[in-house]
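Chemist: Before I ask anything, let me first share the structure, which is written out below as structure tokens.
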Amino acid sequence: MGGLGGAVGVLLSYPLVNRGLGRFLEENMGSFFPFFSVPPHIWAVAMFLSVALAVVAAIIPAVGASKLRVTEALRRIA
């Protein structure tokens with residue numbers, strides 16, 4: 001899920017920032033934002049961080065579930 005969310009974010013950031021908002025900011029607010037885009041290496045970092053955060057968030061419930069006996073876990077479902 002974290003990888004999917006990261007991929008959607010990266011895919012939406014290119015047309016939104018590099019083609020739309022980035023050009024507007026560079027043209028109209030050039031003194032504040034002389035260069036406003038998302039380079040490819042930032043996409044890779046964003047994907048890595050989204051997957052890493054998903055793994056860290058999944059560790060907490062996984063550790064809790066690993067401490068339950070099977071019969072206890074089945075009782076919690078019903």
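The values are calculated or read from the model by the stated rules, or taken from the named source; none is laboratory data. Owing to the predicted nature of the structure, the values given are computational and were not obtained by experimental measurement. Please note: Cβ atoms are built from the backbone with ideal geometry, for glycine as well, and neighbour counts cover all protein chains shown. Just so you know, the surface numbers come from the protein's heavy atoms only, side chains and all, with ligands and any DNA or RNA stripped out. Shrake-Rupley method; radii C 1.70, N 1.55, O 1.52, S 1.80 Å.
Chemist: Using a Förster radius of 30 Å, what is the FRET efficiency between residue 17 and residue 59 based on their Cβ-Cβ separation? Nearest 0.05, please.
Modeler: Numbers: r = 32 Å, r/R0 = 1.06.
That pair, residue 17 with residue 59, gives E of 0.40.
Chemist: Moving on to the next point. Please give the helix 40-66 orientation as an angle from the longest Cα principal axis of the chain, in degrees from 0 to 90, rounded to the nearest 10.
Modeler: Its long axis makes an angle of about 20 degrees.
Chemist: Considering only 63, 51, 38, give the residue with the highest GNM mean-square fluctuation for the chain, with springs between Cα atoms whenever their separation is below 10 Å.
Modeler: Answer for the Gaussian network model of the chain: 63.
Chemist: Specify the inter-centroid distance of region 56-78 and region 12-50, based on alpha-carbon positions, in whole Å.
Modeler: 41 Å
Chemist: With every protein chain present, what is the per residue accessible area of the chain (1.4 Å probe, Å²)? Don't jump to the answer; show the numbers that get you there.
Modeler: Details: 6230 Å² over 78 residues.
Per residue, the chain has an accessible area of 80 Å².
Chemist: How far, in degrees from 0 to 90, does helix 2-13 lean away from the longest principal axis of the Cα atoms of the chain, to the nearest 10?
Modeler: So the helix axis and the longest Cα principal axis differ by about 10 degrees.
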